[in-house]
1. Whats the longest run of the chain with zero trypsin sites (Lys or Arg not before Pro) that are DSSP loop and have at most 16 other Cβ atoms within 10 Å?
2. Around V3, which amide H atoms from residues at least 5 apart in sequence, or from another chain, sit under 5 Å from its own amide H, with H modelled in the peptide plane?
3. Using only the Cα atoms of the chain, what do you get for the radius of gyration and for Dmax, in Å?
4. Using unit Cβ charges (K, R positive; D, E negative) and no other charged atoms, how large, in debye to the nearest 20, is the dipole of the chain about its Cα centre?
5. Please turn the phi angles of region 40-51 into ³J(HN,Hα) values with the Karplus equation 6.51 cos²θ - 1.76 cosθ + 1.60 (θ = phi - 60°), one per residue in order, whole Hz, x for glycine and proline.
6. Which Cα, out of C94, Q38, F121, lies furthest along the positive dipole direction of the chain (beta carbon charges, K/R +1, D/E -1)?
7. So which of K17/K120; K8/K113; K72/K125; K10/K125; K8/K72 end up more than 27 Å apart by C-alpha?
8. Could you name the aspartates and glutamates in cross-link range of K103, using Cα to Cα under 15 Å and dropping any fewer than eight places away on the same chain?
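Throughout, read-outs are computed from the coordinates displayed, never taken from laboratory work. These numbers come from a predicted model, not from an experiment. Virtual Cβ from ideal backbone geometry, glycine too; neighbours counted across all protein chains shown.
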Amino acid sequence: MSVQYRVKRKRNGINDKESYYAVPVGRGLIGTRDIARQLAERSSLTPADIRATLVGLAEMVETYLHNGFSVKLDDLGVFSLSATSEGYTSPEECTPHRVRAVKLCFRADPQLKKNLKHVKFERDKNG
C-alpha cells in the first residue's frame, strides 16, 4: 500500500518565485464504524464493544483536557490544549473569563513518527 500524491505549483510570497511541491491525495475518511469492524476482525470483541470503547475513550479524553490534563495514548501520542488571551498591561487584568482554548494539539508518539520513514509514495495518475 502507498500514499498517492499530486504535484502542485505554489508561489512563494516573499520573492514571487514558483516552485513545485508534492501534496498527498486523500483516499477518503475512515470512521469509527470502519475501525471498529476491522478491530473486531482482529480480536474476540464485537464491533459494538469496540465502538462503545472508542466513544468512551473520546469522552474521557475530552473530560481530562477540560480539567487541565494532557492525555497520552501509548503508541499513538499526546493530546493537549493550547490557550491564549489578549495582551494586558497588568497581570490582574488577565482574568479567567478572558482566557480561551484555541487549539487541540497532538504530538505523535516518537515510534509512530519514526515509522513515517517507511511510508511509500506513488504519483497520482491525475497529477
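1. Longest stretch, sites excluded: 43-119.
2. Long-range HN contacts for V3: K120, F121, E122.
3. 21.0, 60
4. Roughly 900 debye for the chain.
5. Once θ is set to phi - 60°, the couplings for region 40-51 become 4, 5, 9, 9, 9, 8, 8, x, 5, 4, 5, 4 Hz.
6. The one lying farthest along the dipole's positive direction is F121.
7. Going by Cα-Cα distance, K17/K120; K72/K125; K8/K72 fall outside the 27 Å limit.
8. E62
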